[in-house]
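The values are calculated or read from the model by the stated rules, or taken from the named source; none is laboratory data. Predicted, not measured: the structure shown is a model, and the values here were computed from it. All Cβ positions, even for glycine, are placed from backbone atoms using ideal geometry, and neighbour counts span all protein chains on display.
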Amino acid sequence: MSDRKVLILQTAIMHYRIPVFNLIGQHPGVKLTVAYEKGMEARNGKLHLEGLDFNVVSYENKRVLGSLKKIKHLRRLVSGYDVVIFPGDLHLILPIISLLLQRKRRRIYFWGIGLSSENSLRESFLKDKIRFLLTDLSDGTILYSSHVAEIYRKKVLKPGKVFVAHNSIRVKKFPLSEEKRTKVLSIGTFKKNKRLSDLVIAFGNIIDRIPENITLDFIGDGEEGAILQQLVEQNGLSGRVNFWGRIEDDEKIYAIIRNAIVSVSPTQAGLSVLHAMALGCPFLTSVNAITGGEKFNIKENYTGYYYNGQVSDLEQKLLNIIRDEKTNQQIAHNAYDFYHKERSIEQMAQSFIDLVIK
């Protein structure tokens, strides 16, 4: 059988997607091309510095009927490909339908979250009706999580067209640390909607009830950085809170996270969940955290923790975690094993490979 020629359309080729695409492109049965939207070059990963095992092209959008998009020269773009994978973006419904209506067509899939990621994952009746219909009319939808896949399988007419490629990122593998854990950690961009101030307040409220060697550590930067530092100073926490700045190198992150008790993101649980697990650190977030499905990798008191969204509950949860070192170390083991055995980037890529070469 000749190589499957596969085209994946993206708005931009994000840096964390490049390793996934490389793994797919390295398979001897796949010739992969990734297309990004012209004008989005600034958001692309450093493609010129990467050794790429896939081809890169661009395409041009034109807005029609308000927010809907038309892809210019669509037929030329998809010509010669056996499989075309669209992002799960309903703004592209016009080019999607035009390809689905072709008499002799290639295989067409959709890939994405599958539901709105705002306010956790919620269903939107009209949008989801369209998504479910497109799943039935196309060759299928590839979802970020099994949780959303189960919702789809109950709603579509053809549940066999619902697939999962668990969303993940590449993280360098380090040994699971057995040293004493003394940090409450938060990794990621400082954004207002993450409510990182809740974490500072909660830590300040329990500081007299936890050992003096336990610190609150932030890895990242962003718009809320100055506000967080001011909050730390106002509450007299400067000696117990560390700001490490933005760090992208896994070795440098591991040097900090290796003795972290837990990684906390109050209201957003994205790929940072997988990042923490891969380095052997449990993750704590609120039950209604914004997510693309990644938070469902957290199994309460097995691979991580949830709290109810209130600062008082965050305080109590942190106290319980800090005080029960033995249980938390076991949860760190579970999280580490779960990522490396079930959620690695190699497994994500293999899900695509299995689908396109069948």
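List of remarks:
- Sole residue being aromatic (F, W, Y) and part of a strand (DSSP E or B), chosen from F190, F203, F174, F218: F218
- When restricted to residues that are modelled with pLDDT of 95 or more, out of contact with any Gly (no Cβ under 8 Å at 6 or more places or on another chain) and either surrounded by 21 or more Cβ atoms within 10 Å (Cβ to Cβ) or not hydrophobic (A, V, I, L, M, F, W, C) (or both), the range 181-203 contains 13.
- Flag for I85 being within 25 Å of I18 (Cα to Cα), outside any loop (DSSP other than H, G, I, E, B), in contact (Cβ under 8 Å) with a residue 40 or more places away in the chain and in the same structural domain as D128 (by TED's automatic domain parsing): yes
- Residue match in the range 328-349 (condition: more than 24 Å from the chain's Cα centre (by Cα), of a type outside the set (S, T, N, Q) and farther than 17 Å from I261 by Cα): no
- Residue in the range 98-109 that is over 30 Å from E248 (Cα atoms), part of a helix (DSSP H, G or I), over 19 Å from the mean Cα position of the chain (by Cα) and in contact (Cβ under 8 Å) with a residue 40 or more places away in the chain present: no
- Check on I169, surrounded by 15 or more Cβ atoms within 10 Å (Cβ to Cβ) and in a helix (DSSP H, G or I): no
- Residues in the range 324-333 that are free of Cβ contacts under 8 Å to residues at least 40 places away in the same chain and part of a helix (DSSP H, G or I) were compared, and the one that is nearest to V273 (Cα to Cα) is Q330.
- Options K295, K341, K317: the member that is in contact with a Ser or Thr (Cβ under 9 Å, 6 or more places away or on another chain), among the basic types (K, R) and not in a loop (DSSP other than H, G, I, E, B): K295
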